[in-house]
Amino acid sequence: MKRKCIMCGNPHEEMICSDCLPTADKKLRKLIELVDELENLVTKGKIMIKEATTPEVDEMPELEAFFVKVRQQYDIVELMSEHRELKRVGDHYICACPVHRGKVDSCRVSPDTQGFYSVDCCGAGGDVIEYARVMRNLSYVEAAYFLAQMVDIPLPHEDCVEG
């Protein structure tokens, strides 16, 4: 099965191509081994995977729906560009670690996955809200509120935050 290497974005048979494999983190390699094993079990018909469904935002509790709206509407590339120069590589961007002021391009930013970033050298990563939380030293909810105000998303009622 042809897919893209998650490190370089080029089409390969494996999740990480042989060129990128030496630089991949041990945990990432283990995860890939588990995914490959799972795919083999599915292919052989030993297990069935039920297709996941994502509930509509309107069906979610108010705070989670708020987080989803922030993730969907705030561009992580724009936010991270305030701290680091991002370089486009295929369908993602790379930069030096924004959290630890690294010098090597070890951070991968995937704008098409609701704004996710991951850093190979230190293990930092998360969505656009987590990035704002780390960079501004806020709680997750405070970071979501900060981003929401930047893109005019209405804030949820206070009682849903306390629960």
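Quick note: the coordinates plus some simple rules give every number you see, no bench work behind them. Note that the structure is predicted; figures quoted are calculated from it, not measured. All Cβ positions, glycine included, derive from the backbone under ideal geometry; neighbour counts span all protein chains shown.
Going through the cross-link list K44/K69; K4/K103; K46/K87, which pairs have a Cα-Cα distance over 32 Å in this structure? Beyond 32 Å: K44/K69; K46/K87. In this label model, E64 and K103 are separated by 4.5 nm, measuring between points 7 Å along each Cα→Cβ vector.
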